[in-house]
1. Simple spin-label model, 7 Å along Cα-to-Cβ: C:ARG403 to C:ALA450 in nm?
2. At a Förster radius of 30 Å, what calculated FRET efficiency corresponds to the Cβ-Cβ distance of C:HIS186 and C:GLU279, to the nearest 0.05?
3. What are the ³J(HN,Hα) values, in whole Hz, obtained from phi via the Karplus relation 6.51 cos²θ - 1.76 cosθ + 1.60 with θ = phi - 60°, for each residue of region C:213-230 in sequence order, with x given for Gly and Pro?
4. Of B:GLY65, B:VAL13, B:ASN41, which is farthest on the positive side of the dipole of region B:5-315, counting Cα position, with +1 on Lys and Arg Cβ, -1 on Asp and Glu Cβ, and the Cα centre as origin?
5. Looking only at region C:423-443, which residues have a backbone nitrogen under 20 Å from a spot 7 Å from the Cα of C:GLU462 in the C-beta direction?
6. Could you give the size of the charge dipole of the protein assembly as shown about its Cα centre, using +1 on the Cβ of each K and R and -1 on the Cβ of each D and E, expressed in debye and rounded to the nearest 20?
7. Dividing the alpha-carbon radius of gyration of the protein assembly as shown by 2.2 N^0.38 Å (N being the number of residues), what value is obtained?
8. Could you tell me the calculated FRET efficiency between A:ASN241 and B:ARG32, based on Cβ-Cβ distance and R0 = 30 angstrom, to the nearest 0.05?
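FYI, it's all coordinate maths here, none of it is from the lab. No experiment lies behind these values; they were computed from the predicted model shown. A quick note on method: Cβ atoms are made from the backbone with ideal geometry, for glycine too, and the neighbour counts reach across all protein chains shown.
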Amino acid sequence: MRFRLPRKGLPQIAAFVVVLLINFAVSPQFFDIRLQDGRLFGSFIDVFNRGAPVALLSLGMVLVVATRGIDLSVGAVMAIAGAIAATLADTHALPVVLLAALGAGLLCGLWNGILVAVLGIQPIIATLILMVAGRGIAQLITEGRIVTFTSPELARFGGGAILGLPVPVVLTASVLAVAVIAIRGTALGLLIEATGANARASALAGIETRTTTIAVYVWSGFCAALAGIVAAADILGADANNAGLWLELDAILAVVIAGSSLLGGRFSLALAVLGALTIQAMNTGILLAGFRPEFNLVVKAVVVLLVLLAQSPRLSGVAVLLARRPA
Amino acid sequence: MTRYLPVIVTAAVFALGYAICALQFPAFLSTRVIANLLTDNAFLGILAVGMTFVIISGGIDLSVGSVVGFTTVFLALAIETWGIPPLAAFMLVLFVATLFGATMGALIQGFDMPPFIVTLAGMFLARGASFLLSTESIPVTAPLYSAVSDFAFRLPGGGRLSVVGMVMLAVFFAGGIALHLTRFGANVYALGGSRVSTGLMGITVGRHTAAIYALSSFLAGLSGIVFSLYTSSGYSLSAVGVELDTIAAVVIGGTLLTGGHGFMIGTFLGVLMQGLIQTYINFDGTLSSWWTKIVTGVLLFAFIAFQQATLALARRSVRGATAKGATP
Amino acid sequence: MSPSPSPTAATAATPLLAVRGLSKSFAGFPALDGVDVTLRHGEIHALLGENGAGKSTFIKAITGVVTRDAGTVTLDGAPVAPRSADEALKAGIATVYQEVNLLPNLTVAQNLFLGRQPTRFGLVREVEMRRRSIALLRDFDLDIDVGAPLGDYSVAVQHLVAIARAVDMSARILILDEPTASLDAHEVEILFRVMRNLAGKGLGILFVTHFLDQVYAITDRITVLRNGRLVGERETAALPRMELIRMMLGRELSEAASEHPAKAATEAAPDAGGAIRFEGFGKAGYVAPFDLALASGQVVGLAGLLGSGRTETARLLFGVESADHGRLTIDGEAVRLASPRDAIRHGFGYCPEERKTEGIVAELTVRENIVLALQARRGALHPLSRREQDAIAQRFITMLDIRPPDPERPIGLLSGGNQQKALLARWLATEPRLLILDEPTRGIDVGAHAEIIRLIRQLCTEGLALVVISSELEEIVSYADRVIVMRDRRQTAVLEGEAVNVTAILQAIAADTPPLAA
C-alpha cells in the first residue's frame, strides 16, 4: 500500500525518461533552454508545449476509458471548438469567444453522454456519430474555408507565456491540478472507477451511474474544446478539415500508455498526461533525429502494439507467475 | 421476422430517398446516374463487403482506408518505377495485404487484444508505410489502366457500367454467397454471437479470426487496386477516413456493430445510400460537400437508435418466450 | 420409452471411461491430485464435491481445455488425450455447461449443425439441414421451429438442443455441468427423461450438480471429490444421504446444515403497525400486487421455485424495478421508491443473487467495496476520509471474519463466501433497517455457509429487518419468522409461527389451489 503509487507509475516515468534521454542522445541541444521575449524556448519546453492539446484530450479520455467507454469524437470536437473560436475571435470579446467554444464542447459531450448512458449505445458507436458528423459541422461553421483571426487575446492561448512558461503548458497543468483536486479530493474517482469496473453492481450500491457516465463525456467534450482553442490559437486560425485530425487516436494511445485498461476501472490523470507527453517526446525525437515526420505513424504503431502486448492478459498471466514470490 | 426488419427499413429509406431525388431531378432515373453510382462507390463497396464480415464476427477493422492508400502508392511505384507488370503488381499487393490482415487477426486472437486497437495500430502502420514509400502523388500511365477505364458495358439509356463497378457487384455477390450460404459464413455469425461458445463447439476460433481479418485486408487491397484504376494514380493520402464511411455504410445497412446480425444486401444498400447522398449534393449544386458528413452522421444516428429500439423490443419478447418453457 | 436392459454386465470389464491418477496443478497449487473416475456404459454417474473440490478442473482436464500434469484417460480401453474441447468432442466426449455454450443469434438448425452442415459444392444445404434438425429433435420430444434463433427459446430448450447436438455428434460420454441450476421442476423432469433415454442407449453420463435430491432421483453411482482428491466411488442406492454429505464435507454435520433451534419467542407481537409496510405493491407483468409488513428484528423468508418471482419481488422492494401498483409506508409515512438510491436513502440494502455481476466490483479493494454504498449515499462531494474508510473496513473485516484480513486486496481474489461477507459489510456500513438477501449462501463453501446463517440470525437479534430468499428450505425454516411462498410471480401463501416448517412450505409450493386474491 505504501509503495502503491510509485510502483504503479514507474514504467511510465521510466519510459518518458528513456525517450527524453534518447532525444538527448540524438540531439545534444535537446535540454537547452533559453529565455526570449519573456518565454522559455527549447526542444524540451516544446515537448510540453506541443504536447498540450493531446495532454488535454487525454485528461478527458482517461475518465471516459475508466467508465469502460471511449470517445472517438474528441478530434472532431476540437475542430468544432476551434472553428467557433476562430470565427468569433475578431468580432466578439474574449469571454464570449471562450464561452461559445467551451459551451459547444460541453454540448457535444452531453450528446455523447446521453447516447451512451441514456440510450445505451456502445460508446465506440455512439461517439462515431459525432466523429463523422462533427467535422462536417465544423466545416459548416467555417463554410469550408480556413478561418484566420488576429485577436491577440485569443492568440495568447497558443503563443503567450505566463512566468516564462508557454500558456498551453500552464493551462494543461492547471486543468490537471483542478481535475486531480476535483476527482481525487472527492469520492468522484472511486465512483467513476466502480462504475467502470462494474456498472450494474455500482448502480445497485446506489451510485448514480447514469449521471456519472454523462458527466465524464461532458468533461471529455470540455477538454476537447479547450484543446481546440489552444490549437486554433497556436496557428491563428481554424482548419476544420485538419484540426485535431488523428488526435483522438493519440489521446487513446496516451491513456493506454498510462496503464488504463480499455475495459474500465482504475485510472490515473497524471499518468495520462505523462503518456501524452511521452508521445510528443517521441514525435520531437523523430524530427530531431532527422527522420521524416511520416515516420511518426510507424513508430506509434509499434508503440501501441508493444504497450498492448505488455498489458495483454495472456502475457501478464505469465508475468504474474514469474513475479510470484513467497509472501 | 425481426431479424429482417433493419434491412427492410434500410431498403425502404433508400427507396424513399431515391424517389425524392428522382422527383426533384428526373435524371436520377437514368441508367447513367445508376451506373455512375456503382462506379463512384466501387472502392467503398468492396471495403464494405470485408467490413461486413468483420463486424458480424464482432470485430472492427480501422485499417482498411490506410491499406487502400498503401496499395495505390505501392502499385504506382511498382508499375511506374520498378517496372513490374500491372497484373503481377496486383498479385503481389494482394498477397501483402492478405498477410497484413492475417497478422492483425492473429494478434487479436493470440494476445486477446481488442480488435479496435490492433487495427488502429495497423492503420498507423499501413499509412506510415505508404508515407515512407512516397509522399508524392504518382500518376500511373500503364496501358492496362487506360484500357480498363475505357472498357465498359453500354447500358440502354447511355449508362456505362465500368469494370470497377462490375468488380464491386461481383465482390458483393461472392461475399453474399460466402456469408450466407457457406460454413465459413455461419462461423462468422457464430463468432459474433460468442467467441467462447464457438470455440467450444469445435470451430477453430483463431484460424477464423485470422481468416476474417485477412479477407478484410485482401478486399482492402482489391479496393486499392480499384481505387488506383479509378484515379490512375497512387497517393499516400488517398482514402483517408474511408474506414469511417465504410463502417457507416455497414451500420446503415442494418448490421449490428455488436456482431452476430446483419446481411450483405443491407451493406450494399448502405453503400448506395451514401452514394445517393453524394450524388444528390452534386446535382443540387448549392449544397456544400460537408453536408455529406452531416447527413451521414444523422443517418448513422437514426439507424443506431432504431437498432437500439428493436433490440429492446426483442429483449422484451424473449422474456415472454421463456415463459413458454419446453414443449413436451 | 423402453430403455434397453442395462449393458453393465457385458462391459463391466472395460469401462466406457476410465480416468486413472489424474493430476493438475495451477501455479504449484494442486487442483487435482491422483483422481480416479470410472464411468460405465449406460450409466448416469454423479460427480459431487464442494466448491473448489476440483470438479471443474476434472472436466477441463479430461476434455483438453487444460493440459493434465499426470494420469491416463481411456475410452473403451483406448487411451485418449484431447488437446481441446474440439478434439474431445471428436473422441466422443461432449460437455454441456450450465451457461449453454451455443449461439443464441444463430438458428436452432445452425446450432445443431455448426461446423458440420450438409453441403453441396461448398454451399450449405439449408433445407436438408432443417429436415435433419427436425428429425433429430423429435427424439428429444422437442417440436420447435428450427429456423428461429435459438435465443428465442427458454434455457431448458437450449440445454436440450445442446445435448441433441452432442449426441448427434456421436458422443459416447456426455458431461452435464450443473444443467439443472436454472431450470424449473417441470423442465428438470424433461431433462431427466432425456438423460434416462440416452443412458438406455448405452451413453455414459457424468452429471455434476449440487442438488442432492436430483442425485438420488437419477444417478446410478456417485464419485465424490474433496480438495482435489478422490474421496470415494459408491452405488447411489447403497449410499445414505448422511454418509454422502459426510464424504463431501469431511466432517460430521447434520444433513440440513442447521440445528433447528427452538426459535426464540420473537413472535412477540408481530407489531400491528409494522415499521415498513408495502401495500398492494406490484408491477404489471412482473410481480402481482402483494402486501408485506416488516418490523425490526423480523426475518421474512421468500420461498418458491426458480422463476416463481422471488428475485423479482426483491428487485421491486429495492426499487430496481419501479412498482406501478400500491404504496410503501415507513413509520406511517408514505414514501416514494423509484430507484435503488431511494431505497438506500430509506435504509434498505440488497445483496443480489448474481454476486459477481451485480454485487462485487472485482477490481476494487475490499475496503473500497465495503465503503461503496455508504459513500454513494453521502454523495461524491462528501468523501469519507481515508482514515474513516480504513476504520470502517477494519471493523467489518474483524466483525465478519473476512479472510484474508487485508483491506487492500482486490475483492475479486477472495473466495465466494468472503465476497458475500464483504457485501454484507457494505450494507451494514450504511446502518440499514431492512436488508434484502437473495440466495445469500449460493455458491459458497459449507464453512462460510454456516457463518452466513449465523450472521443472519445475529443481525435480526440486533433489530434489523430481513427479507431472505433461499432455495434451501431447511435454511429458511431455521431463521424465518414468517415465510412467503411464491408461485407464478405471486404470493400464494404466508406461513407464520408453527406453520413455518419444510413440509408446510413444500405443500404450499406444490399446492394446486388458485392463489389468494390479493
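1. 1.3 nm
2. Efficiency at R0 = 30 Å is approximately 0.35.
3. These are the phi-based 3J(HN,Hα) values: 4, 5, 4, 6, 6, 10, 8, 8, 9, 9, 10, 10, 10, 8, 6, x, 10, 6 Hz.
4. Toward the positive end, the furthest listed residue is B:VAL13.
5. Flagged as within label range: C:423-441.
6. Rounded to the nearest 20 debye, it is 1340 debye.
7. Relative to the rule-of-thumb radius for its length, the protein assembly as shown sits at 1.01.
8. Values: r = 31 Å, r/R0 = 1.03.
E between A:ASN241 and B:ARG32, to the nearest 0.05, is 0.45.
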